[in-house]
1. Among the residues of region 56-95, count how many are closer than 15 Å to residue 137 by Cβ and either among the charged types (D, E, K, R) or touching a Gly at 6+ places or on another chain (Cβ under 8 Å) (or both).
2. Confirm whether residue 213 is polar (S, T, N, Q), surrounded by fewer than 19 Cβ atoms within 10 Å (Cβ to Cβ) and closer than 22 Å to residue 136 by Cβ.
3. Pick out, from region 205-267, the strands (runs of 3 or more DSSP E) lying fully within it that include 1 or more residues that are assigned by TED's automatic domain parsing to the domain that holds residue 417.
4. Residue check: is residue 22 assigned by TED's automatic domain parsing to the domain that holds residue 120 and either part of a loop (DSSP other than H, G, I, E, B) or more than 31 Å from the chain's Cα centre (by Cα) (or both)?
5. Return the pair list, or none, for Cβ contacts closer than 9 Å from residues in region 42-55 that are among the acidic types (Asp, Glu) to residues that are part of a helix (DSSP H, G or I), at least 6 apart or on different chains.
6. Any idea how many residues of region 304-354 are assigned to a helix (DSSP H, G or I) and either of a type in the set (A, V, I, L, M, F, W, C) or outside the structural domain of residue 402 (by TED's automatic domain parsing) (or both)?
7. If I ask for residues that are among the aliphatic types (A, V, I, L, M), within 12 Å of residue 420 (Cβ to Cβ) and at pLDDT 75 or above, which ones from region 24-43 would you list?
8. Could you say whether any residue in region 294-312 is closer than 25 Å to residue 407 by Cα and among the acidic types (Asp, Glu)?
Amino acid sequence: MEFVRNKTLEKLKYDLVRDNIIKYEDLETAEQVASAQNVNIGQVLISSGIITEENLLKFLESKLHIPYVNLDDYSLDKRCLSYINFNNAQKYKVIPLFEIEGILTVAMSDPLDLFAIDKIVEDAKCEIEPVISSESAVLKKIEEYYTSNSSVGQIFIDEDKPQYDWREVLNNEDLSSSLSDEHIQKLIRAILKQAISLNVHELFFEHVPNGLSVTFKKDSQNISTGEIPAILVSSFIAKLKTLSNLDPTVSELPQLGKLSFKVDDISLIASISAFPTILGERISIKIYKPPRTLEDNGFDVKRINTIRTAVDTPGIILVCGSALSGKTHIIYSILSDIASENRNVMTIESITKYNLENVNQCELNEHIGFNLDKAMRFIEFQSPDILYFEGLTTKEGLDYFTSLVFKNKTLITEFLAENIADLMKKLSLNEFSMFKSMLTCLIFIHNKDSIEVFDKQALEKYFG
């Protein structure tokens with residue numbers, strides 16, 4: 001995640017060395033990684049642990065003599081949102097804080113971006129006074145205070161129209177009605193609807209003294225949204241399990257299921273994981289978006305051609321990114337793009353997220369003994385041309401997967417990595433040497449607006 005942009009750090013990066021905050025060798029390495037990733041050097045310095053976000057921001061504050069503002073608990077003057085439209089707020093990563101006597105104070109992660117300041121002055125038609133804040137905090141506030149409306153452009157949230165809250169459904173029934181099957185289903189739908197409305201794709205339920213906590217996970221942060229009262233917990237969990245084709249009478253063993261539901265006429269799929277703890281079952285839900293075309297995901301012709309060339313070449317296509325970055329979503333888009341009646345495209349997954357035309361999708365099922373080991377022993381009898389393995393967690397699985405390349409197979413899989421530097425470190429391990437040599441394409445998801453595609457030649461340059 002970025003915190004400061006290049007224009008500020010390019011001017012001050014050597015001061016970090018002069019002030020003995022970082023070593024020159026670390027700066028050189030960070031510049032190389034930033035160049036390879038096409039991201040800013042601040043992101044690399046922080047994500048690699050060379051410097052903390054707090055120390056970097058304090059350094060900028062002292063050098064620029066511009067105050068630093070922590071936005072985490074800061075309440076903005078919403079009347080000032082009209083000075084900067086949503087598009088420019090996101091583009092320049094800036095948000096207005098307050099206006100006094102014709103001077104608008106704005107929080108920025110890059111206060112030396114003069115082009116951005118000029119554009120803001122032009123739009124706001126007033127004098128601008130910047131303060132420094134982390135980019136993640138600025139983007140979080142932008143998301144919190146602005147909302148989009150395609151017919152009139154971008155507007156800020158009306159205080160008279162609060163966000164959808166699942167607790168309204170909880171509180172709209174008396175005690176006798178709240179235990180009904182209908183109300184429990186309404187409660188489940190309300191929680192899922194709020195998650196989608198907030199662009200949350202992972203949520204979980206945990207036992208607490210007064211009931212069951214409902215927590216949304218977004219941008220690697222857990223956000224508590226309330227609690228389901230203890231009197232409803234058993235009914236809630238049983239209904240959620242039943243809807244997900246899980247056994248509601250079993251609580252001592254892990255279970256994995258799939259839930260299909262609709263939000264505003266959009267059909268969605270979620271995986272449901274129930275795991276026993278000493279306090280009771282912890283329920284985790286991951287919501288998957290319907291697959292889109294590669295073009296709709298923002299891929300240009302050059303990147304699409306790189307992927308299609310790799311598909312037609314025996315080797316491994318690796319999709320990487322952080323948790324919840326959208327790896328599975330991109331893989332489903334690739335599978336949809338390459339599926340045809342002329343070749344056998346197969347998958348082996350814990351949960352199939354969406355039915356794909358002309359793709360033979362297989363779900364593992366531990367309850368009947370259809371596990372990854374058995375899938376690996378029998379999949380070759382199906383003569384797949386292209387095979388997607390959801391994820392490899394064992395050395396044996398990795399070795400088997402890699403060996404299929406020698407049999408002229410194209411393999412697709414995914415890998416968890418926070419950034420390119422993290423990926424390079426992991427792939428440098430000996431057990432990945434053969435796997436790495438078989439890579440024909442790497443797709444790295446930095447965020448939804450930044451996805452890199454490396455072909456075989458680029459991989460040899462960056463990864464050796």
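The values are calculated or read from the model by the stated rules, or taken from the named source; none is laboratory data. Note that the structure is predicted; figures quoted are calculated from it, not measured. With ideal geometry, Cβ positions are generated from the backbone for all residues, glycine too; neighbour counts draw on all protein chains shown.
1. Total satisfying the criteria: 6.
2. On the way: polar (S, T, N, Q): yes; surrounded by fewer than 19 Cβ atoms within 10 Å (Cβ to Cβ): yes; closer than 22 Å to residue 136 by Cβ: no.
No: the conditions fail for residue 213.
3. Details: elements: 211-218, 221-229, 255-263.
Output list is empty.
4. Numbers: assigned by TED's automatic domain parsing to the domain that holds residue 120: yes; either part of a loop (DSSP other than H, G, I, E, B) or more than 31 Å from the chain's Cα centre (by Cα) (or both): yes.
Yes; evaluated as a whole, the condition is true for this residue.
5. 53/42; 53/46; 53/136
6. So the first thing to find is which residues in region 304-354 are assigned to a helix (DSSP H, G or I), and the list is 304-311, 327-338.
Applying the additional criterion that residues be either of a type in the set (A, V, I, L, M, F, W, C) or outside the structural domain of residue 402 (by TED's automatic domain parsing) (or both) yields 304, 307, 310-311, 330-331, 334-335, 338.
Number satisfying all stated conditions: 9.
7. Step one: list which residues in region 24-43 are among the aliphatic types (A, V, I, L, M), which gives 27, 30, 33-34, 36, 39, 41.
From the residues that got through so far, the ones that are within 12 Å of residue 420 (Cβ to Cβ) too are 30, 33-34, 36, 39.
Result: 30, single match.
8. yes
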